[in-house]
Amino acid sequence: MTTPNKTPPGADPKQLERTGTVREIGSQAVWSLSSCKPGFGVDQLRDDNLETYWQSDGSQPHLVNIQFRRKTTVKTLCIYADYKSDESYTPSKISVRVGNNFHNLQEIRQLELVEPSGWIHVPLTDNHKKPTRTFMIQIAVLANHQNGRDTHMRQIKIYTPVEESSIEEEDLRERERENLTQTPH
């Protein structure tokens, strides 16, 4: 059982983007849900508005499926939950699974949430802090607070690391360019 890295209520994962080390890649994926009430679907889950939400409409587990066209490096998953607003609709147990398709998903994190309020940052890394490479992420809501049946999720963001070449690599390339332009005496 893993405890997610919690940020203070209201802390925005866009602060991660401002560091320049990650970028949000949810727009590169195809999103689907196990069920939803009309007007409370993927669009609300991805609209950057903390007042809107996805609401499931069926039996558990409630699933959010995120599929990429190519194998993609993912580092962090951010979920916004608000127990004060959603009460029994708030997830209390979530499973995060990755794989190539629906048939080979493997659970990499299971979270127990106790009255969450704000962004929950879930690392999608292995034991060596190396990001996961996957075609698909599935978020499964296994239980809600107060034994609630349907669930609310307000926002989900997915981040990939930004590839940066190190200063040493830049220095080496610069020296190689200088060596190529120098003429022998």
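The values are calculated or read from the model by the stated rules, or taken from the named source; none is laboratory data. Here the structure is a predicted model, which is why all the values come from computation and not from measurement. Cβ placement follows ideal geometry from the backbone for every residue including glycine, while neighbour counts extend to all protein chains displayed. Note: areas computed on protein heavy atoms with side chains; ligands, DNA, RNA excluded. Shrake-Rupley method; radii C 1.70, N 1.55, O 1.52, S 1.80 Å.
In table form, for the structure just shown:
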read-out: Residues being in contact with a Leu (Cβ under 7 Å, 6 or more places away or on another chain) and closer than 18 Å to Thr160 by Cβ - total across region 65-88; value: 4
read-out: Test: Cys36 is within 16 Å of Gln155 (Cβ to Cβ), at pLDDT 95 or above and open to solvent by 40 Å² or more (accessible area, probe 1.4 Å); value: yes
read-out: Some residue of region 116-129 being in contact with a Phe, Trp or Tyr (Cβ under 9 Å, 6 or more places away or on another chain) and small (Gly, Ala, Ser); value: yes
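Matching residues to (1) crowded, with 20+ Cβ neighbours inside 10 Å; (2) aliphatic (A, V, I, L, M); (3) without any contact (Cβ under 8 Å) to a residue 12 or more places away in the chain; (4) closer than 27 Å to Glu163 by Cα:
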{"position": "Leu45", "(1), (2), (3), (4)": "yes, yes, no, no"}
{"position": "Ser95", "(1), (2), (3), (4)": "no, no, no, no"}
{"position": "Asn127", "(1), (2), (3), (4)": "no, no, yes, yes"}
{"position": "Arg133", "(1), (2), (3), (4)": "no, no, no, yes"}
